[in-house]
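These notes are about the structure you will find just below.
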Amino acid sequence: MRVIAFIVVVLQLSGVLARENVRIIPVPDSVVWGKGEFKVDVPGAAEAWLQDQVEVAVVADSGRFPSEESYSLKVTSQGVLLEARHARGIFYGKQTLRQLMKVTAGGQVRIPSVTITDSPRYAYRGLMLDVSRHFYPKEFVRKQLDAMARFKLNTLHLHLTDAAGWRLQIDRYPLLTEVAAWRTHKEWKPWWFGDRKYLHRDDPAAQGGFYTQEDIRELIRYAAERHITLIPEIEMPGHSEEVLAVY
C-alpha cells in the first residue's frame with residue numbers, strides 16, 4: 001500500500017509540473033502552484049510592465065525573510081504581489097517572474113498562478129572569467145552579467161592578470177597594456193606551449209586586449225545595478241611573467 005501511495009503522489013506532482021511546463025532556476029525553497037493564471041495586455045512593453053506595474057512591497061520583517069536576497073511571490077488571476085525586505089530580494093523576485101512570464105504574439109503577458117517563497121542556499125553564487133588566458137571584450141562581459149542576474153548569481157570573479165596577459169590599465173605602468181596585454185596567438189595553449197612571446201599592441205599580428213579604467217568603472221556600475229559584486233584577481237608575485245617581461 002505504501003508503494004502504491006507513493007506512485008500516486010509522484011503522478012500527481014508530475015501532472016502539476018507537466019501542466020505548468022515551467023522551470024525556475026535555481027529551484028526556489030517553496031513552490032505551490034494554483035489554478036488559473038494572471039493575464040494582462042502590455043503590447044510591446046512587457047519589461048516596462050514588470051518594472052513599473054508589478055505590486056511591490058518592502059517588508060521590514062526579518063522573520064519572514066532571513067536574508068536581503070529573500071522574497072515571496074504570489075500570483076493569482078487578480079494580480080501579482082512581490083514582497084521582500086530589501087531591494088535585492090525584490091530584484092531576485094523579478095528574475096523569477098521573468099522565468100514565469102509568457103508573452104503571446106499579441107503582446108499579452110500570462111503568468112501561472114503560484115505562491116513562491118525563496119531564500120538563497122549559498123551567500124556566494126559566482127562565475128569566474130579567466131580574461132587573462134582568454135580575453136573577452138567589455139560588451140561580452142556585460143552579456144555575462146545579464147545572464148548571471150537572470151539566474152541569481154551575485155559575484156563575478158575576473159582573473160585579470162597572469163602570464164597569458166595583463167588586462168587592466170595602469171597609468172603609471174603603460175607597458176603592461178602596450179605590450180604585456182598582447183601575444184602572438186589568440187588561443188592560450190598554442191602560445192603557452194610555444195615561445196610565449198609578447199607583442200606591441202600596434203603589431204599587426206598582436207592578439208589580446210585590455211580594459212581601460214573607464215571600462216572597469218562601467219562594468220562595476222553595470223554589475224551593481226544587477227546586485228553583482230566584481231572581484232578583481234591581480235596576482236603578485238606569482239603568475240607575473242607578463243610583468244617581468246616588460247619591467
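The values are calculated or read from the model by the stated rules, or taken from the named source; none is laboratory data. Fair warning: this is a prediction, and the values are worked out from it, not measured in the lab. All Cβ positions, glycine included, derive from the backbone under ideal geometry; neighbour counts span all protein chains shown. For accessibility, only protein heavy atoms count, side chains too; no ligands or nucleic acids. Shrake-Rupley method; radii C 1.70, N 1.55, O 1.52, S 1.80 Å.
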Checklist (1) open to solvent by 40 Å² or more (accessible area, probe 1.4 Å); (2) under 28 Å from residue 234 (Cα atoms); (3) of a type in the set (Ser, Thr, Tyr); (4) in contact with a Ser or Thr (Cβ under 6 Å, 6 or more places away or on another chain) applied to residue 155, failing item: (1)
Among the residues listed as 48, 84, the single one being touching a residue at least 12 places away in the same chain (Cβ under 8 Å) and under 26 Å from residue 144 (Cβ atoms): 84
Residue pairs meeting the criteria (Cβ under 6 Å; at least 6 apart or on separate chains; first within 13 Å of residue 124 (Cβ to Cβ), in region 140-158; second of a type outside the set (Ser, Thr, Tyr) and surrounded by fewer than 16 Cβ atoms within 10 Å (Cβ to Cβ)): 155/126; 157/126; 157/128; 157/231
Pair list, Cβ under 9 Å, 6 or more apart: region 112-126 residue closer than 12 Å to residue 24 by Cα and surrounded by fewer than 16 Cβ atoms within 10 Å (Cβ to Cβ), other residue at pLDDT 95 or above and not hydroxyl-bearing (Ser, Thr, Tyr): none
Among residues of region 187-239, those that are free of Cβ contacts under 8 Å to residues at least 40 places away in the same chain, aromatic (Phe, Trp, Tyr) and assigned to a loop (DSSP other than H, G, I, E, B), counted: 1
Sole residue being crowded, with 17+ Cβ neighbours inside 10 Å and polar (S, T, N, Q), chosen from 67, 77, 132: 132
Of residues in region 160-195 being open to solvent by less than 10 Å² (accessible area, probe 1.4 Å) and small (Gly, Ala, Ser), the one farthest from residue 246 (Cα to Cα): 164
Single residue of region 225-236 satisfying the filter (hydrophobic (A, V, I, L, M, F, W, C) and either under 20 Å from residue 183 (Cβ atoms) or open to solvent by 40 Å² or more (accessible area, probe 1.4 Å) (or both)) that is modelled with the lowest pLDDT: 236
Options 222, 247, 211, 198; residue that is among the hydroxyl-bearing types (Ser, Thr, Tyr) and open to solvent by 60 Å² or more (accessible area, probe 1.4 Å): 247
